Ligand code: ADP
């Protein structure tokens, strides 16, 4: 389905431009070809003019070369003598003379007519178609000569049908009466074929026409005896009367004028015949002496070639220029496009930058606010942590006091025993002093002194345990920590007859810790173990130190009742205890685990093959400190 447009659609600028360029190309090619054609035509015309002049001159030369000869022969005595009495003489000597002249002058025929026009002697006497006996009284050259003038004529030979040019001269027997009627006529015939043969070699056609427009001579045989234009009836009658062209039909040559430049110059072609379709530049020149026109036809091929060549060259040049202009224009367009693109990019970038800046600004504001909030939160957390630490320390202390509570019974015993002994020794001393047994009293007092020293040692140990610890981490010998904790429970161990099995490695084990806290953990574990074994018949406490590559294990194993599986996960919870009110706070293990984890280690609980409980402290191992003084420093011995 086609849609009919009601209004003409306006052409796009690009289409217009292309159309303009094409129109320019056509115009340029057309104008150039026109100029080239004119130029080439001019040149061709000059060539034609030269050739025509030369051809005409050569034709005139060829013909007029012989015009003196009839007159010369007419004056010969032999001719006159023969003409005086032709019947009574042998014509052969004259025939031979004429033939000799013919050969020398290189003409077609020479012959002598009597006053009636009958041929008396001829150079062609020996030929079958000899002129001898023929009457040429009808020929104009005869009539002109009989009128006392030199005559001339062109036309077809009646015998030979050759085209010839005839020259004639009157023959007078009496030279002294020049105005008397001539007694005969000397005639010379020149053939025109030789001239035409020369023409055929030229790059042009040459035609010679008579005043009726009959082509009498032509470089092309086909054109000979045709006419420039169809003959009128009157013309035909006149020509037939002169018998100039015999019975020749004289058809039209088909030549037609296409363009007329001036009177002499035309463009012509042939409507029919062998030259049909070809175009020629025609140049005509009159040959006044002969009442002829000589015409040259130069083919237009070089003009056409020059025209095409020029058009193609101009087209090519125009194409190059148009291409160059097109490329230049494209480049200009591209550059503008690039500039526009760059400008757009710049603007987009600037927008994006502004946007980003705004974004960053708002984000910075948010961040500053968040930062402030975080700082506040950190401060808050710091405070909370401080609180927590304080609380934890309090708790640790509380746990310690709880252990002290547990220890109280032992301590009591530990202190009461020496106190009772001191009292006994003092009473003894007083009694010995009363009896003046100073030495015995002194021995008792020495015992008292020893006992007070022991009590002071116990007190010092308790003070040591109950002191608050700091955060001072140092290299600690694990074995010394165990030894300190055991010493704290010494009296209880003895009282309950607990067997102690110590498995110490040959090498000393070192860890980084706060010694007070590590001791607290061990006191807790040993205390719990002793408490668990209090009902056992053969209590046995196994303490093991194992050194691994990166860590140290501290094992506290008892043969008490052990910890039921269900309790294992709960015993490390704060305030979880199975002990009766007053004997346990349920804080020991939770605080111990916390202390060990703070040191980067771990505290685990489990069962043992003997059925008792097994607690294991694992701590990162450190190397033996270089300074030999350090172990003493951390020793509690
Ligand atoms: P407390 O000793 O004040 O109860 P702990 O945190 O030290 O608090 O101990 C928690 C609980 O773990 C104890 O009540 C006890 O049931 C159990 N427990 C600890 N050590 C042992 C042990 N050696 N044998 C059996 N049970 C133990």
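Within segment 61-70, being in contact with a helix residue (DSSP H, G or I) (Cβ under 7 Å, 6 or more places away or on another chain) and assigned to a helix (DSSP H, G or I) holds for 62, 69. In segment 500-513, of all residues being without any contact (Cβ under 8 Å) to a residue 60 or more places away in the chain and in contact with a helix residue (DSSP H, G or I) (Cβ under 9 Å, 6 or more places away or on another chain), the one that is farthest from residue 624 (Cα to Cα) corresponds to 500.
Taking each residue of segment 576-605 that is within 21 Å of residue 518 (Cβ to Cβ) and assigned to a loop (DSSP other than H, G, I, E, B) and looking for partners that are more than 8 Å from the ligand (Cβ to nearest atom) and at pLDDT 90 or above with beta-carbon atoms closer than 7 Å, six or more apart or interchain, yields 599/513; 599/619; 600/620; 601/617; 601/618; 601/619; 601/620. If you go through segment 512-535 and pick out every residue that is assigned to a helix (DSSP H, G or I) and within 8 Å of the ligand (Cβ to nearest atom), you end up with 7.
One line per residue, one yes/no per condition, for (1) under 60 Å from the mean Cα position of the chain (by Cα); (2) in a helix (DSSP H, G or I); (3) on the phi > 0 side of the Ramachandran plot:
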| position | (1), (2), (3) |
| --- | --- |
| 25 | yes, yes, no |
| 30 | yes, yes, no |
| 39 | yes, yes, no |
| 51 | no, yes, no |
| 79 | no, yes, no |
| 93 | no, yes, no |
| 98 | no, yes, no |
| 131 | no, no, no |
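Scan segment 575-606 for residues that are within 10 Å of the ligand (Cβ to nearest atom) and either within 25 Å of residue 511 (Cβ to Cβ) or in contact with a strand residue (DSSP E or B) (Cβ under 9 Å, 6 or more places away or on another chain) (or both) and the total you get is 8.
Answer with yes or no whether residue 170 is farther than 24 Å from residue 61 by Cβ and crowded, with 20+ Cβ neighbours inside 10 Å. Yes. Within segment 559-573, if we keep just the residues that are in contact (Cβ under 8 Å) with a residue 24 or more places away in the chain and within 8 Å of the ligand (Cβ to nearest atom), the residue that is surrounded by the most Cβ atoms within 10 Å (Cβ to Cβ) turns out to be 560. Within segment 527-553, residues that are modelled with pLDDT of 90 or more have Cβ atoms under 6 Å from residues that are assigned to a strand (DSSP E or B) and surrounded by fewer than 17 Cβ atoms within 10 Å (Cβ to Cβ) in these pairs: 540/499; 541/500; 542/501; 543/502; 544/503; 551/620; 553/546, counting only partners at least 6 apart in sequence or on another chain.
Going residue by residue through segment 483-495, is there one that turns out to be surrounded by 21 or more Cβ atoms within 10 Å (Cβ to Cβ), at pLDDT 90 or above and not in a strand (DSSP E or B)? Taking every residue of segment 483-495 in turn, none turns out to be surrounded by 21 or more Cβ atoms within 10 Å (Cβ to Cβ), at pLDDT 90 or above and not in a strand (DSSP E or B). Going through (1) near the ligand (Cβ under 9 Å from one of its atoms); (2) outside any strand (DSSP E or B) one by one, residue 556 falls short only on (2).
Restricting attention to segment 608-618, report how many residues are more than 10 Å from the ligand (Cβ to nearest atom), on the phi < 0 side of the Ramachandran plot and out of contact with any strand residue (DSSP E or B) (no Cβ under 6 Å at 6 or more places or on another chain). So the count comes out to 2. When the residues of segment 499-521 are filtered to those that are touching a strand residue (DSSP E or B) at 6+ places or on another chain (Cβ under 7 Å) and buried (at least 21 other Cβ atoms within 10 Å of the Cβ), the one that is modelled with the lowest pLDDT is 515.
The values are calculated or read from the model by the stated rules, or taken from the named source; none is laboratory data. Because the structure is predicted, anything quoted here is derived from the model rather than measured. Ideal geometry is used to build each Cβ from the backbone, glycine not excepted, and the neighbour counts take in all protein chains shown.
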